[in-house]
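Structure, as structure tokens:
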Amino acid sequence: MAGSGTAHLRNTVDAVLTVRDLTVEFRVAKDKIVKAVSGLSFDVIRGETLAIVGESGCGKTTLARAVLQLPPPNSGEVVFEGTDLTLLPKENLRSARTSMQMIFQDPISSLDPRMTVHQLIDEPLEIWGRGTRAERDERINNLLNNVGLEPDLVLNRRSYEFSGGQCQRISIARALALDPRMLICDEPVSALDVSIQAQILNLLQDMKDRFGLTMIFISHDLAVVKAVSNRVIVMYLGKICEVAPPETLYTKPAHHYTRALLNSVPIADPTRQTRTELLQGEPPSPMNPPSGCRFRTRCAAATALCAEQEPQLQEVAPGQFVACHHPLA
Amino acid sequence: MSSLLSVKNMSINFDTPRGSLEAVRGVDIEIPAGMSVGVVGESGSGKTVMCRAAMGLLQGSNVKRSGTVVFDGHELTAMSKEEVRNLFGSGMAMIFQDPMTALNPVRRIGSQLSEGLRVRLGMSKADALARSKELLELVRIPNAEAVLKSFPYQLSGGMRQRVMIAIAIACNPKLLFADEPTTALDVTVQAQILQLLRELREDLKMSMVLVTHDLGVVAGNTDYVAVMYAGEIVEYAPTTKLFADMRMPYTEALLESIPKIDHKSGTRLAVIAGRLPDPTDRGAGCSFAPRCKYVQEKCHKEHPELKQDPDGHVYRCWFPIGVSL
């Protein structure tokens, strides 16, 4: 990994979002700085689902939040539909955010338990003065129908009366209320049971197709990512290891870290259990990341070069970019 | 093959304001000595309650238990609390899902790890600490000396789970209950912990009950699998047989609904419509009937009994897959 570079940016007019050289750091003590995201760039094209995968603490969520300026990044630009959000005055940023909505990991705690479903979905519509009372009520009914909930049964109930899967449906309805053009989903299904997980993934796919959404999908689950994405970014300690379309990434990973991640996914078939070399240890602290390639301390192929020089993203196959001095053939 | 743990007709009911909640209904399960048995099912299917009840950990005025549990020749259900307690550590041990809340946050690792050794094996403080260090090395914790003096918050999730495993195996238990031991961990760390459990099981000749919702984890780490749904065991078979030749429509649906890493990207996932039935009102027929794609009239009316194939494959279905009636 974890390297820098912009070779993977497609520089097309279709890019809804282009992030360049984004850096987010948190000061946790007088001289301790957590380098959560370091000089990271990516773009998302209209109608695409970009997935971001990586272990806990690699900066996935920080990255997504920095896109929404929650909080604003330390440096770098976030260009959404031609406007650099980092330069926008507060009021313009508020209105820009209506077109980018977020869905959070924990569906129950992301809904206010004191508000009814009607109030939850009405709140954004009311704040932005979208339509009359009657128009808003009709809109709320449509949104609930879209996400597979029966409006008459749910409108006057509160979040604690629903299961995790139903709460996630309510979150999706709320996120869609303002007609966003981009949806950022931060581990939307990791708190759900497998049978419910499939329902929500299919629903997100349907909503994306119906409303022509562009999606950033954050997950630690490689199988889930494969099912939903058009392009995958593999992150490690705040940097990009590899960017590729899912078919390429899963069959021919070019980065040692990507391969290690794929090898650790349990396979639900007792006849196909391979015992490959496991990745040893755990990621180093983001307060004091290794020099050069940040993955080198756990990489079997690391050489002196990896400690000295940070690898840059380079194209190794059509659409596949890897930041590694010794990519896998 | 003798069974180390044998649970017969176990039912657990909780009294709740909404009425009696049937968490576990008439469960029979045998854990053969030296084997690893997986228990899979969705949240609320009764996996954890069954394990805790088997260990005698469920007590309280709102719990109604019935059935028998025999562990290694002792009938736990007929023993006093104190007698059951004496089996913990050297007989049975448990590791829990969340390693942060299972460890005491205000005590050092060394003191938590040596406690069992001193109480159960009567070791001196110095001996227990020395053995604790060996145990940490056994679960592959680097720099064990320093970890003994650490508090849980100073360790990562994976390290904490290793400490939990060290505590559980400290007195050489015959049976280890692992309740979702890797659910809170990253996939790379999960692979490390599962490998560690496999190796320890072999070295210590330990049996294991592995509770998980992940069929992938079950496939690579168990000899037998019990599938639970709505408080019942709905299918029980050797792991290879279960995956190759499943009988229960629920097992099939569960397996189909997981996204798989070798599936084509962008394919729609198969879903199990609906959700688990209300545990205070299970209804008359098969619990899975409202969600089953092969459902017939009989399924709604009559509760299926457990059936057994000649090879020991057990299932609870009126119209099992692959069986001509």
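The values are calculated or read from the model by the stated rules, or taken from the named source; none is laboratory data. Predicted model, so just to flag it, every value in this text is computed and none were measured. Note: ideal-geometry Cβ built from the backbone for every residue, glycine included; neighbour counts use all protein chains shown.
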Original post:
Residues A:CYS167, A:CYS185: which one is outside any strand (DSSP E or B), buried (at least 22 other Cβ atoms within 10 Å of the Cβ), more than 9 Å from chain B (Cβ to nearest Cβ) and of a type outside the set (A, V, I, L, M)?
Top reply: A:CYS167
Original post:
Taking the condition of a type in the set (Gly, Ala, Ser), on the phi < 0 side of the Ramachandran plot and more than 14 Å from every other protein chain (Cβ to nearest Cβ), does B:SER207 pass?
Top reply: yes
**OP:** Confirm whether A:ALA64 is modelled with pLDDT under 90 and either of a type outside the set (Ser, Thr, Tyr) or more than 17 Å from the chain's Cα centre (by Cα) (or both).
**Re:** no
Subject >> Selected residue [in a loop (DSSP other than H, G, I, E, B), buried (at least 17 other Cβ atoms within 10 Å of the Cβ), on the phi < 0 side of the Ramachandran plot and not assigned by TED's automatic domain parsing to the domain that holds A:GLU187] from A:LEU149, A:LEU143, A:LEU125, A:LEU120 >> reply: A:LEU149
Original post:
Given (1) free of Cβ contacts under 8 Å to residues at least 40 places away in the same chain; (2) farther than 17 Å from B:PHE177 by Cβ; (3) touching a strand residue (DSSP E or B) at 6+ places or on another chain (Cβ under 7 Å), where does B:GLY60 come up short, assuming only one miss?
Top reply: (3)
**OP:** Could you tell me whether any residue of the range B:150-161 is in contact (Cβ under 8 Å) with a residue 24 or more places away in the chain, under 17 Å from the mean Cα position of the chain (by Cα) and buried (at least 17 other Cβ atoms within 10 Å of the Cβ)?
**Re:** yes
Subject >> Complete set of residues in the range B:193-246 that are among the polar types (S, T, N, Q) and under 13 Å from the mean Cα position of the chain (by Cα) >> reply: B:SER207, B:THR212, B:ASN221, B:THR222
Original post:
Do we find a residue being surrounded by 13 or more Cβ atoms within 10 Å (Cβ to Cβ), assigned to a loop (DSSP other than H, G, I, E, B), of a type in the set (Ser, Thr, Tyr) and within 12 Å of another protein chain (Cβ to nearest Cβ) anywhere in the range B:286-297?
Top reply: no
Original post:
Which residues, taken from the range B:164-194, are touching a residue at least 60 places away in the same chain (Cβ under 8 Å) and within 14 Å of chain A (Cβ to nearest Cβ)?
Top reply: B:GLU180, B:PRO181, B:THR183, B:ALA184
Subject >> Pairs, first surrounded by fewer than 24 Cβ atoms within 10 Å (Cβ to Cβ) in the range A:229-258, second of a type in the set (Gly, Ala, Ser) and in a helix (DSSP H, G or I), C-beta under 8 Å, six or more apart >> reply: none
Subject >> Residue, surrounded by the fewest Cβ atoms within 10 Å (Cβ to Cβ), within the range B:250-279, restricted to residues that are under 23 Å from the mean Cα position of the chain (by Cα) and more than 20 Å from B:GLY216 (Cα to Cα) >> reply: B:ASP278
